[in-house]
Amino acid sequence: MRAQEQVLLKLNKLTKNFGGLKAVDVFDLDVASGSITSLIGPNGAGKTTVFNLITGIYRPEAGSIKFDGRELIGRQPHQVAKAGIARTFQTLRLFENLTCFENVLSGQHCRTCSGIMSSILGTSAQRREEAEVRGEAERCLKLVDMWDFRDELARNLPYGYRRRLEIARALATRPHLLVLDEPAGGLNEKESADLMELIQGIRDSGITIFLIEHDMQVVMGISDWVAVMDNGGKISEGTPYDVQHDARVIEAYLGTDNDDDLYSEASQAAGQRDTNVPDNKSYIGNTAGSAGEESEGEDRT
Amino acid sequence: MALFIEQLVNGLTVGAVYSLVALGYTMVYGVMRMINFAHGDFFMIGSYLGFTLVSSALLGGAIPLWAALIVVVVLSMAGVAIIGVIVERAAYRPLRRSSRLTAVVSAIGVSIFLQNAVMLIWGPRYRAYPPWSVPSITWQVGGIYINFMQVLILAVSFGLMVALYLFVQRTTVGAAIRATAIDHDTARLMGIDVDQIIRLIFLIGPALGAAAGVLLGLYYRQIHFTVGWTYGLKAFTAAIMGGIGNIPGAMVGGLLLGILEMLGAGYISSAWKDVFVFLILILLLMFRPTGLLGERIAEKV
Amino acid sequence: MSLLELGDVHIAYGNVKAVKGIDLVVNDGEIVTLLGANGAGKTTTLRAISGLLRLQSGVIRFGEHELQTMPAHKIVELGICHVPEGRRVFGTLTVEENLNLGAYKYRNDPGRVQSGRERVYQLFPRLEERQRQLAGTLSGGEQQMLAIGRGLMSDPRVLLLDEPSLGLAPKLVQEIFRTICEINRQGVTILLVEQNARIALRVAERAYVLETGRIALSGESLELRRDPRVQQAYLGVKEAAGLS
Amino acid sequence: MAERMGGYLSKWGLHVIIGIGIIFPHVAGNYWIDVAVFWGIYVLLGLSLNIIVGEVGLFNMGHSAFFAIGAYTTAILSERFGVSLWLLLPLSGLAAGVAGYILAKPIIHLRGDYLLIVTIGLNEIIRITLLNNPWGLTGGPNGIIMLDQFRIFGYAIQRPIDFYYLVWAFVAITVFVLIRLQRSRIGRCWNYVREDEIAAQAMGIDTRWAKVVAFTLGAAIAGATGTVFAAKLVVISPESFTFMESVILFCIVILGGMGSIPGVILGSAGMMVLPELLRNFAQYRMLFFGLALVLMMIFRPQGLWPSRRWTTILREGEGE
């Protein structure tokens, strides 16, 4: 069934080293057009590096990235954006001292063309374009339900809204593929639920979604396809259900050690603590807890 | 060949002075990420203090001339170190949390203030160290001439640089300086009083600058209240060449700059030597954007 | 018995309030954990205790001292040590230099520094093997060991640990937490901030749950683990059930 | 004009200021009119540097190099070939702009302080080159004497009052152009680059291009200002284009408030007019001036008239 779907983004034998350390190691993945595809894996597995390779921030040592049939390797980040891939960042990168409206306007830059002269002269073409740009920004802000915040500086927004604003900004580039790096990081349950709805809405509007996420509730709830990464390589992929029951995935997340002795020691110290350890499988649902704010590349640079 | 070696020795002499001044720039930058534009003026004040001390009765002959000169250097260093600490407290500490450019303008204000203060105290005209302040001894080594001042400059500069290097690399306080340069907050968590470290930096840097000022005053004899800018700019260039924030870098950068300058003067023309130096700087930075020994800064994404 | 006490602590970054009135008590000898999502104010609270942040209002009491106006280095001298999130070892310094800096307040007492290092090497033998190596070349787990070891060098009465499990493989997390229990047994009181609620609630006696700058829940770890709200929000129990 | 300045001033306030500006030279002495002329020239230079430093956040401390290129282009072409100043105005701008483009292209990727020293280096290279009188073009340290003036239907603009109106007319035009740019796609993209370069790239902005455009435009405006300066000063020599000059321009932008047009106008007043006002203190005036700069930064780090956004960050920086 999967073979029949149209592939929008095709990663083929992607490899990236940082000073001898293989961050991404012969990684393959297809992202089907119109799907929500998730990339999961423990911290340091290389997920964010894959995103940085796709969006042109890093250049791979080997492999290819085909987007809609065209090769992306060698393109600058702004060219990738122009080609139709928009992204958000794990550690938010908003234009902090600009208003929400101005933040979203930035997405339209690569879809417009007025230059210095027409801006100075205020030609009719320029004014028309400006009106369109503003209209589009308004649409994107309203889409994420943030129109009321349009004149607020990005830095003054509550955390949850900052995440949404970044998505709105990315949408303003009118992408075919939206790449989200831990969109639910730091959100509470209600905010995560709203976010899932938002992401599904975006997908339904025809934009393919590729995301990294630690919150398994989000991943399993909305993904059509899940790929699992560990140590730079893909260890499993499939539907959410398949992945959850893959022994290799459970191992990657949990390690194989039995951790009973830790707790018995701890309980000796405390006197009387519960040593009842739940079985490994349920732990998967909890990896939300280990979602870090750190960038993955850190250990490697 | 003789010309080459002669210019090399001249270059090393001037370069050693640049290194001393560059150390002040680099240490302040390393710890505070700030360019202290007033640093050249510490150098200039040092040369004026030295001038006053030399002209006074100090060189009366009670102690040998070279020892008296060392005393002059030490006293000037102490005087300027006090000024350095005062400047830090009054003009920089209140700005520590503001933007870096704010601190740059404040430093420029300090520089204008110090220059004019010196002008009011010592007068606007050129001053000259008395001719008897330096013994006119010249040695001939393998076909080239080396004079007393060159030996004194090389000995004092290298002595100070080795001492500084050992202090920073081998002592716990030195490690605290390096730690503060890496991360203020974590340094504070170690129990390091960051304010105290910064005060220490503003004691050492200006003191080294003052030593350079006295030495160069003795070497060229003529001093003026505006030379701080000229030499400050050279030393700043040296610090950047070596990789700003890096202590061995400042030493290497200073020596390299001195040698380049003197070779440029010898082989091209002294009118164009600074053009030659800046061209090399620009070329260097085009290929090594963070200087010779500067760390590679890879921005975290 | 309370060793460290926070009373109605408020903290803001600019005009964004991060902590809105926290009361918290840590008793001598305990392990207490502070749980909550990203941005709930956990790290901010620790930074306020260690003097890196100023309070808007409130009191932080440590024994007979009031910490809220004290500079960070004085707080270290009193015996509170904060091991920051993300390890923050000094990468271009050697392991040994890092440890020595941890004992900065004993810098004039080489014997004390020496014995401190021996204690750390006993807890983390791997650090001894690498004492001459630059800290930046250590693996993530080793860096975490170094960060904790460096903290212990000041011989603290209270250790503030911020996310010691962050970015570590599960096996290493267990190793680190085993050592944390060991340190506690040696008499060091521990205030632990963790996102990994499951493991934190196992080693801690009591826990506070922060939500957007306020304490939402608090109590014995045992009770909290059975509290359905905690199970749902932090342990994923509901989802776990849904999975299988 | 009035409606465009509306973002900064009430319409009424603007009219009053324009009114005062028109009346001023009729009540003031020639000395103060001259001060106002130089103020205007520094406003033009400050505005041009503000594009680079304030809008895009590039540390350029060698801006007087472009000013020099413009002034020398004017002086040389006017004296040797008798080219009219009205023609030289765009020509000098073009020359400086082209120089800016060529010089900026290979160095624009440098970060903060490294770019700062390179621009200082360029400034020095150009100043020393002018000083060394290559091919006998620049007249060495004595410079070039330029006798031609701006002429309007044969009327030579020579008196201070004429210059006053000329310069401030140029200021008005430049302000108009810059406000248009600030509110356009180009101006916005400069701010995106200043705020976060990586995010700007991810939004599809060619940040290198944006920076080079800003640098070129800033250099061009400074170059055109060089023509006005040459006409006013008569003697063009390297000492007008030193590193110190660039530092003053840099201070104007920061003192006024980065990215703020009225800030530049006030900042130049601070850097040019304040020392004149301090003349009563005779030899102490520069001492006070240095002190004033420090105090300004301590008590008003966001600048005299900050643009809206910069206020917020600096205010919060203080509070922490």
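Taking a straight Cα-Cα cut-off under 17 Å and skipping sequence neighbours fewer than 8 places away in the same chain, the lysines within cross-link reach of B:LYS273 are B:LYS234. Put simply, chains C and B cover up around 1900 Å² of each other's accessible surface, both sides summed, when a 1.4 Å probe is used. Among the trypsin sites (Lys or Arg not before Pro) found in segment B:207-301, those both in a DSSP coil and sparsely packed, with 10 or fewer other Cβ atoms within 10 Å of their Cβ, are B:ARG296. Per residue, the Cα convex hull of segment B:21-224 amounts to 136 Å³.
With a 10 Å cut-off around each Cβ of A:77-84, the average count of Cβ atoms from other chains is 5.
Assign one of three labels to chain D, namely rounded, prolate or oblate, based on the Cα gyration tensor with a ≥ b ≥ c the square roots of its eigenvalues; rounded applies when a/c is under 1.5, prolate when it is not and a/b is larger than b/c, and oblate otherwise. Since a/c stays below 1.5, the shape of chain D is classed as rounded. Taking each DSSP H run with n ≥ 4 as -39500 (n - 2.57) and averaging over every residue of chain D yields -23000 deg cm²/dmol at 222 nm. Ordering D:GLY154, D:ILE76, D:SER246 by Cα displacement along the dipole of chain D toward the positive end leaves D:GLY154 in first place; charges were set at the Cβ atoms of Lys, Arg (+1) and Asp, Glu (-1).
Note that chain D presents 37 Å² accessible area per residue, ligands and nucleic acids not counted, probe 1.4 Å.
Using the rule -39500 (n - 2.57) for each DSSP H run of four or more residues, divided by the residues of chain C, the 222 nm mean residue ellipticity is -10500 deg cm²/dmol. Mind running the shape call on segment D:88-178? Use the C-alpha gyration tensor, a ≥ b ≥ c as the square roots of the eigenvalues: rounded below 1.5 for a/c, prolate if a/b tops b/c, oblate otherwise. Oblate is the answer for segment D:88-178, as a/c is 1.5 or above yet b/c matches or exceeds a/b. The smallest convex shape that holds all Cα atoms of the protein assembly as shown, its convex hull, gives 191 Å³ per residue.
Neighbours of C:LYS105, meaning other residues whose beta-carbon lies under 14 angstrom from its beta-carbon, give a summed charge of +2 when Lys and Arg score +1 and Asp and Glu score -1. So if a site counts as exposed when it's one of the trypsin sites (Lys or Arg not before Pro), its DSSP state isn't H, G, I, E or B, and it has at most 13 other Cβ atoms within 10 Å, what's the longest stretch of chain C without one? Here the longest run is C:133-244.
Our analysis of segment A:1-115 gives Rg over Rh at 1.00, with the two radii drawn from alpha carbon positions and Rh computed by the Kirkwood formula. Relative intensity of segment B:181-301 on a log10 scale, I(q)/I(0) at q = 0.13, 0.18, 0.21 Å⁻¹, equals -0.67, -1.09, -1.27, per a Debye sum over C-alpha point scatterers of equal strength in the absence of solvent. Label segment B:1-86 by shape, choosing from rounded, prolate and oblate, from the square roots a ≥ b ≥ c of the eigenvalues of the Cα gyration tensor; if a/c is under 1.5 it is rounded, and otherwise prolate applies when a/b is larger than b/c, oblate when it is not. The shape class here is oblate. Debye sum, Cα scatterers, segment D:56-111, no solvent: what log₁₀ I/I(0) at q = 0.25 1/Å? After summing over all Cα pairs, the log10 values are -0.95.
Rolling a 1.4 Å probe over the protein heavy atoms of the protein assembly as shown, with every protein chain left in place, gives an accessible area that is 57 percent carbon and sulfur. Of all the options D:PRO301, D:PRO106, D:PRO262, the one that moves most in a Gaussian network model of chain D with Cα springs shorter than 10 angstrom is D:PRO106.
Once backbone amide H atoms are built at 1.01 Å from N, C:TYR208 has C:THR33, C:LEU34, C:LEU35 as its partners under 5 Å, excluding neighbours fewer than 5 places away on the same chain.
With 19 Å as the limit, the listed pairs A:LYS16/A:LYS47; A:LYS47/A:LYS234; C:LYS42/C:LYS105 have C:LYS42/C:LYS105 beyond it between alpha carbons. Taking every DSSP beta bridge that has both ends in the protein assembly as shown, the antiparallel portion is near 60%. When restricted to Cα atoms, segment D:1-147 yields an Rg and a Dmax of 18.7, 55 Å, respectively. Suppose we flag trypsin sites (Lys or Arg not before Pro) only when DSSP calls them loop and at most 15 other Cβ atoms lie within 10 Å. Which is the longest uninterrupted stretch of chain D? Within chain D, the longest run free of exposed trypsin sites (Lys or Arg not before Pro) spans D:184-320. Helix content alone sets the calculated 222 nm mean residue ellipticity of chain B: runs of n ≥ 4 DSSP H residues at -39500 (n - 2.57) each, divided across all residues, give -24000 deg cm²/dmol. In the context of the full set of protein chains, segment B:67-169 has a per residue accessible area of 45 Å² (1.4 Å probe).
The values are calculated or read from the model by the stated rules, or taken from the named source; none is laboratory data. Note that the structure is predicted; figures quoted are calculated from it, not measured. Ideal geometry is used to build each Cβ from the backbone, glycine not excepted, and the neighbour counts take in all protein chains shown. Keep in mind that these areas ignore ligands, DNA and RNA; they rest on the heavy atoms of the full protein, side chains included. Shrake-Rupley method; radii C 1.70, N 1.55, O 1.52, S 1.80 Å.
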